């Protein structure tokens with residue numbers, strides 16, 4: 001246990017015959033008490049300062065832990081957002097590709113139907129032309145056969 005300045009000041013020594021000079025011992029003890037009091041106060045101040053600094057250090061460590069947790073949470077949130085965005089982008093691309101495939105299929109089907117219709121109309125036109133040609137030939141033949149002979153007169 002550390003002595004306090006009061007302990008030193010209140011310390012009583014036995015008196016002996018031919019001992020040290022009381023005045024010198026008292027003067028020296030006063031000097032010791034004065035220095036010891038100053039050192040004792042400094043020691044107490046330093047202990048208080050150490051306690052205060054330790055408290056601040058603990059506060060900073062807690063703050064550091066909190067900031068680390070916030071940073072970890074932010075990183076995890078960022079990773080999750082990136083992952084969700086990637087999944088959503090892939091889904092949008094897939095849907096767009098499927099829609100494009102359907103549009104192409106529909107367009108190809110319509111083109112095929114239009115081509116079939118064109119071929120049908122083309123065939124009908126050929127049949128119509130053939131019929132009209134036949135009819136015209138037959139009309140010409142009929143006209144030719146009904147002509148009065150010009151040479152006979």
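A short reminder: the numbers here are calculations on the coordinates, not readings from a lab. Since this is a predicted model, take the numbers as computed values, not measurements. Cβ placement follows ideal geometry from the backbone for every residue including glycine, while neighbour counts extend to all protein chains displayed.
Quick notes on this one:
- Gap separating the Cα centres of the range 109-124 and the range 50-93, nearest whole Å: 66
- Label-point gap, in nm, between residue 4 and residue 112 - each point 7 angstrom along Cα→Cβ: 10.6
- Rounded tilt (10° steps) of 22-145 against the dominant C-alpha axis of the chain: 0
- Structure-derived Kirkwood radius over Cα pairs in Å: which label, when the choices are [x] 16.5; [y] 19.3; [z] 29.1: [z]
- FRET efficiency, 1/(1 + (r/R0)^6) with R0 22 Å, evaluated for residue 56 and residue 35 via beta carbons: 0.10
- Computed from label points 7 Å out along Cα-Cβ, the spacing between residue 49 and residue 133 is 12.1 nm.
- Residue-averaged [θ]222 nm for the chain, counting only DSSP H segments that reach four residues, each worth -39500 (n - 2.57): -32000 deg cm²/dmol
- Shape descriptor for the range 47-107: Rg over Rh equals 1.63 (Cα atoms; Rh from the Kirkwood inverse mean 1/r).
- Here the spin labels are modelled as points 7 Å beyond Cα on the Cα-Cβ line, and at residue 74 and residue 11 they lie 5.9 nm apart.
- Most fluctuating residue given options 112, 20, 36, as computed from a GNM of the chain linking Cα atoms under 10 Å: 20
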